[in-house]
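Structure record follows, encoded as structure tokens.
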Amino acid sequence: PISDMPETANGVTMASTRQHGFDAERVLKLFCSCRGEDDIISVNCYIDAYEELCKLFRLFGTIFSFVTSDVEEKIEILRDYHSQQPQNYQTVQSMLEYEVSNDLTNSRKKPSGARTLLRLHRAMEFISTFLLKLKDCDNSAKFSSCTGEAYDNTLAKHHPWLIRKAVQVALYMLPTRNDLLKKMGVEDSEKGMQAMSDLIAELNIIFLIVEKLYEKDDLLQLP
């Protein structure tokens, strides 16, 4: 039973993850399950894992609700594609092959699967870099500066000026490093930081696989 679960496991505080929803260990397992042989990426597993990862944004405060809503909307678009055409949208590879061969990537009727996933893909680079800053940032340093660097080096290059300013304000309003770790249920300990490192490493693996797929089909700059 849940009541018998240990309070900590692998540096993750179980009581906190139950309370707040974000579970770094579960996110790691879900993303690991995305990758099959020959780096085939399951679309369904990817969006399940991303849905869990999205819970991280809810810990950032209400000012980040616009980001959460945007991610959830894109997850639903991909779920809809997968539900209607499971064979074509079974994997990221099959999705891109289908949409490229049928000239659907730039569709104006509905955001294509390729375009939708690209937005989540770009956000993943930010999340991975953000988590690395969270892991390595000194408690005495201004956390908003560390996270601002993560944004400037990743998502900012894809955003217009108005969105960049809004995100910078949102990052400035983030909780302190210690408070955020507590909300995430991650201990500021060797085990906790190792759990964080494992998650970052897996996110980077998934990111690089998808990046190469988009690069191969010249889709990295889809509008």
- Message: Compute for the range 75-152: radius of gyration divided by Kirkwood radius, i.e. Rg/Rh, restricted to C-alpha atoms, rounded to two decimals.
- Response: 1.20
- Applying a 4.7 angstrom Cβ cut-off across the chain, unpaired cysteine residues come out as 32, 54
- Message: Among 45, 93, 120, which residue has its Cα furthest toward the positive end of the charge dipole of the range 11-214, with +1 on Lys/Arg Cβ and -1 on Asp/Glu Cβ?
- Response: 120
- Query: In debye to the nearest 20, how big a dipole does the range 152-200 give about its Cα centre with +1 on each Lys and Arg Cβ and -1 on each Asp and Glu Cβ?
  - Reply: 320
- Message: Restricting to Cα atoms and excluding each atom paired with itself, what does the Kirkwood estimate give for the range 11-214 in Å?
- Response: 17.6
- Task: Give me the number: length gained by fully extending residue 39 to residue 221, i.e. 0.36 nm times residue separation minus the C-alpha to C-alpha distance, one decimal in nm.
- Result: 63.3 nm
- Label-point separation (nm) for residue 159 and residue 58, each offset 7 Å from Cα along Cα-to-Cβ? 2.2
- Note on the structure: Restricting to lysines and to Cα separations under 29 Å from residue 212, and discarding same-chain partners fewer than 8 apart, the set is 29, 55, 74, 109, 110, 133, 135, 157
- Task: For every helix of n ≥ 4 consecutive DSSP H residues, a contribution of -39,500 (n - 2.57) applies; sum these over the chain, divide by its total residues, and give [θ] at 222 nm rounded to the nearest 500 deg cm²/dmol.
- Result: -21000 deg cm²/dmol
- Mind putting a number on the dipole of the chain about its Cα centre? Charges go on the C-beta only, +1 for Lys and Arg and -1 for Asp and Glu, and I need it in Debye to the nearest 20. 800
- Task: Of the options 166, 30, 111, report the single residue whose Cα projects farthest towards the positive end of the charge dipole of the chain (beta-carbon charges: Lys, Arg +1; Asp, Glu -1).
- Result: 166
- Message: Using the Cα centre of the range 18-71 as the reference point, and only Cβ charges (+1 on K/R, -1 on D/E), how large is the resulting charge dipole? Debye, rounded to the nearest 20.
- Response: 340
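Read-outs: derived from the displayed coordinates by stated rules, not from any lab. Quick caveat, the model's predicted, so the values are computed rather than measured. Virtual Cβ from ideal backbone geometry, glycine too; neighbours counted across all protein chains shown.
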